[in-house]
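The values are calculated or read from the model by the stated rules, or taken from the named source; none is laboratory data. Not measured: the values here are computed from a predicted model. Backbone-built Cβ (ideal geometry, glycine too); neighbour counts: all protein chains shown. Note: accessible area is taken over every heavy atom of the protein model, side chains too, but ligands, DNA and RNA are not part of it. Shrake-Rupley method; radii C 1.70, N 1.55, O 1.52, S 1.80 Å.
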Amino acid sequence: MLKKLLDWDSDTLIYLNNLGVEQYDTFWSSVTNISTWIPLFLLFALLLFVKYPRKEALYRALTVILLAIFITVFTNLVKDGVGRVRPNNDEEINMLIRVLREPQSFSFFSGHAASSFSICTLVVLFLRKKTNLAWAFYLWPVLFAYSRIYIGVHYPVDILVGATVGALTGYLFYLSYNRISAPYLG
């Protein structure tokens, strides 16, 4: 069963990665760069401070920061524990895919997918009743996560697990915020 899953994972990566064409490489290389998304992070902060009273906005923003720290540490612990080689470093597959970046760290699970889906989930849950466009924020983690396949540094399972872990972690931080912080702000 595991062999079938890993074969599917490799085959799907090869297929999706090879859909890429050189004229879009700059776009996807930019999408995968976290600094490209700084304006979105500033928008998240601005919306929190516009839509909530100052003290509550501060607590919500700190919760997002704590989540970002937690998911980064957790992801790196799992990556080091599992030790899955990235496709760009795997000699069996790296000649079959287009590789635009060559990180040396481990692959499972995607930190880009986990962090973006966790932060986005938490922010959407915080803002969904305050703005109708909150759900559109999910465009960010979808593009961000797919960029990792496009540039050849993650398998699809890395992305799917990272997105799932991220969304669940964001939801758990939301529940924790409502249980711990929200009662003191009301």
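General observations
- Leading residue by the ranking (surrounded by the fewest Cβ atoms within 10 Å (Cβ to Cβ)) among those in the range 54-91 that are part of a loop (DSSP other than H, G, I, E, B) and without any contact (Cβ under 8 Å) to a residue 40 or more places away in the chain: E91
- Checking F109 against (1) modelled with pLDDT under 95; (2) aromatic (F, W, Y); (3) part of a helix (DSSP H, G or I), the condition it does not meet: (3)
Per-residue answers, yes or no, for (1) modelled with pLDDT under 95; (2) of a type in the set (F, W, Y); (3) within 27 Å of D7 (Cβ to Cβ):
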| residue | (1), (2), (3) |
| --- | --- |
| R101 | yes, no, yes |
| C120 | no, no, no |
| F126 | no, yes, no |
| T131 | yes, no, no |
| W135 | yes, yes, no |
| V153 | no, no, yes |
| A163 | no, no, yes |
| S181 | yes, no, no |
| G186 | yes, no, no |
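Each row is one residue, and each column tells you yes or no for (1) of a type in the set (A, V, I, L, M, F, W, C); (2) touching a Phe, Trp or Tyr at 6+ places or on another chain (Cβ under 9 Å).
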{"position": "L125", "(1), (2)": "yes, yes"}
{"position": "V161", "(1), (2)": "yes, yes"}
{"position": "T169", "(1), (2)": "no, yes"}
{"position": "P183", "(1), (2)": "no, no"}
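- L185 vs. criteria farther than 17 Å from V124 by Cα and touching an Asp or Glu at 6+ places or on another chain (Cβ under 6 Å): yes
- Criterion applied to T26, T36, T121 was being open to solvent by 70 Å² or more (accessible area, probe 1.4 Å), of a type in the set (S, T, N, Q) and either touching a residue at least 60 places away in the same chain (Cβ under 8 Å) or in a helix (DSSP H, G or I) (or both), and the one residue passing it is T26.
- Candidates S181, S107 - the one that is surrounded by fewer than 22 Cβ atoms within 10 Å (Cβ to Cβ) and in contact (Cβ under 8 Å) with a residue 24 or more places away in the chain: S181
- Residues in the range 124-164 that are open to solvent by 20 Å² or more (accessible area, probe 1.4 Å), farther than 22 Å from R98 by Cα and either among the charged types (D, E, K, R) or touching a residue at least 60 places away in the same chain (Cβ under 8 Å) (or both): R128, K129, K130, T131, F137.
- Residue list for the range 158-186, filter: β-branched (V, I, T) and under 13 Å from the mean Cα position of the chain (by Cα): I159, V161, T164, V165, T169
- Within the range 165-178, the residues that satisfy the criterion of being over 13 Å from H112 (Cβ atoms) and open to solvent by 30 Å² or more (accessible area, probe 1.4 Å) are A167, L168, Y171, L172, F173, Y174, L175, S176, N178.
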